[in-house]
Amino acid sequence: MNLSDSKKKLALAGAVCGIVAAALAYFGNPANMAFCIACFIRDTAGALGLHSTETVQYVRPEIIGLVLGAFLISAVTKEYRSTAGSSPMTRFVLGMILAIGSLVFLGCPLRMIIRMSAGDLNAWVALIGFVLGVGTGVFALKKGFSLGRAHLAGRMSGAVLSVLLLGVLILSLATTLLKASQSGPGSMHAPVLLSLAGGLVFGAFAQKSRMCFAGSIRDVILMRNFDLLTIIGSFFVVMLVYNIASGNFVPAFDTPGVIAHSEHLWNILGMYAVGFAAVLAGGCPLRQLILAGQGSSDSAVTVFGMLLGAALAHNLGLAASATAVNAETQEIVSGSVPLNGKIAVIICIAVCFIIGFGNKRTEGK
């Protein structure tokens with residue numbers, strides 16, 4: 001079944017993904033996180049011992065389910081293609097930028113939409129930066145940006161990431177080798193089987209609908225095509241209804257427990273870097289996982305870049321802190337972006353400009 005050939009089917013795909021995210025939030029995932037690619041990759045990196053922040057360490061089955069869901073549905077529908085060779089090291093760096101920019105904002109584009117649906121005004125501010133970043137990426141495309149063509153690879157090459165993640169899942173379920181948070185966001189999660197099932201369903205529908213948060217805006221700017229925005233719109237509506245019904249809809253900037261901060265410039269710049277890098281890499285963090293699942297080794301390399309970037313964001317003190325209530329004084333403590341994080345975002349944006357305007361198509365020359 002092709003879900004990308006009509007707006008009704010795209011809306012259905014977005015609604016199903018919204019229902020999955022709402023269910024995961026209802027059954028234990030952090031309410032305003034529900035389903036966040038950057039945060040969940042960060043948590044998984046912590047579980048693997050790649051960073052030592054004890055409050056964000058947990059193997060998120062949703063990430064594994066996304067990749068496996070895309071792999072299984074693409075294999076069944078004969079869309080699985082093992083490809084590789086399109087500037088892997090550049091993609092690795094872009095993956096790091098996707099993670100670092102997201103963790104300065106405190107969420108990937110998927111979580112940005114979820115936060116918007118819960119009334120978090122900081123996410124609406126960050127949307128400005130994301131759209132501008134995507135627009136800059138589109139400008140680079142128009143100026144001839146290219147990372148080169150991927151080529152067919154051995155059939156098993158494209159399945160490596162799926163196999164590795166399946167191994168991680170088995171380790172997390174059958175052993176005590178991996179770390180798990182006892183408090184904080186990492187300790188908040190839906191039951192494992194529900195999380196895995198949610199990831200599988202989300203991954204399958206995202207693969208068949210070509211769901212991509214950067215791609216939807218890119219298509220509007222580049223081709224005046226609004227089709228992919230239909231998915232995002234229906235996803236937003238489902239989450240908005242859930243948040244209102246559950247009492248999680250709070251239109252404000254500083255809301256304790258929302259895992260957000262109100263440093264507007266850095267919300268904008270963090271998501272600017274994410275939007276810019278996503279266009280250059282060929283998809284947002286969610287899309288990279290889906291492409292990796294359907295056989296792209298280049299996207300798998302980008303995913304590994306996100307894994308390292310997320311680990312570095314905590315090891316080097318780049319990630320932002322969230323607004324919270326002081327347990328002793330009961331006063332609200334505003335979240336903030338550390339100096340290291342601000343410097344990192346500027347470097348990430350500079351690197352995006354170097355990559356975006358330093359890699360030109362050479363065919364025919």
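The values are calculated or read from the model by the stated rules, or taken from the named source; none is laboratory data. Just so you know, these numbers come straight off a predicted model, no measurement behind them. All Cβ positions, glycine included, derive from the backbone under ideal geometry; neighbour counts span all protein chains shown. When the accessible area is computed, the model is the full protein with side chains, heavy atoms only, and any ligands, DNA or RNA have been set aside. Shrake-Rupley method; radii C 1.70, N 1.55, O 1.52, S 1.80 Å.
Among the numbered conditions (1) over 22 Å from the mean Cα position of the chain (by Cα); (2) of a type in the set (Ser, Thr, Tyr); (3) closer than 19 Å to residue 89 by Cα, the only one that residue 299 does not meet is (1).
Pairs linking a residue in region 328-350 that is touching a residue at least 24 places away in the same chain (Cβ under 8 Å) and more than 25 Å from residue 252 (Cα to Cα) to a residue that is part of a loop (DSSP other than H, G, I, E, B) and open to solvent by 90 Å² or more (accessible area, probe 1.4 Å), with Cβ atoms under 9 Å and 6 or more positions apart or on different chains, are 340/316; 344/316. Counting the residues of region 238-287 that are of a type in the set (D, E, K, R) and crowded, with 20+ Cβ neighbours inside 10 Å gives 2.
Figure legend. Inter-residue proximity from region 1-27: first residues of a type in the set (Phe, Trp, Tyr), second residues modelled with pLDDT of 90 or more and open to solvent by 10 Å² or more (accessible area, probe 1.4 Å), beta-carbon distance below 6 Å, spacing 6+ or different chains. Indicated pairs: 27/194.
Checked against (1) modelled with pLDDT under 95; (2) within 18 Å of the chain's Cα centre (by Cα), residue 9 passes all but condition (2).
Of the residues making up region 199-231, those that are assigned to a helix (DSSP H, G or I), surrounded by fewer than 21 Cβ atoms within 10 Å (Cβ to Cβ) and without any contact (Cβ under 8 Å) to a residue 24 or more places away in the chain are 219, 220, 223, 229.
Quick one: count up the residues across region 256-289 that are of a type in the set (A, V, I, L, M, F, W, C) and part of a loop (DSSP other than H, G, I, E, B).
The number of residues fulfilling the criteria is 4.
Residue count for region 302-338 satisfying the condition of being in a loop (DSSP other than H, G, I, E, B) and of a type outside the set (Val, Ile, Thr): 14. Looking only at residues of region 106-159 that are part of a helix (DSSP H, G or I) and among the basic types (Lys, Arg), we find that the one that is farthest from residue 22 (Cα to Cα) is 142. Residues that are under 14 Å from the mean Cα position of the chain (by Cα), hydrophobic (A, V, I, L, M, F, W, C) and either within 24 Å of residue 335 (Cβ to Cβ) or modelled with pLDDT of 95 or more (or both) occur at least once in region 260-273. Tallying residues that are among the aliphatic types (A, V, I, L, M), open to solvent by less than 10 Å² (accessible area, probe 1.4 Å) and in a loop (DSSP other than H, G, I, E, B) within region 4-43 yields 2.
Which pairs do you get when a residue that is under 11 Å from residue 99 (Cβ atoms), found in region 35-52, comes within reach of a residue that is outside any loop (DSSP other than H, G, I, E, B) and at pLDDT below 95, reach meaning Cβ atoms under 6 angstrom, with the pair 6+ apart or on two chains? Within 6 Å, no pair qualifies. For residue 196, state whether it is more than 19 Å from the chain's Cα centre (by Cα) and either free of Cβ contacts under 8 Å to residues at least 24 places away in the same chain or more than 16 Å from residue 45 (Cα to Cα) (or both). The answer is no for residue 196.
Take residue 53 and tell me if it is in a helix (DSSP H, G or I) and open to solvent by 10 Å² or more (accessible area, probe 1.4 Å). Show your work before the answer.
Numbers: in a helix (DSSP H, G or I): no; open to solvent by 10 Å² or more (accessible area, probe 1.4 Å): yes.
So residue 53 does not fit the description; no.
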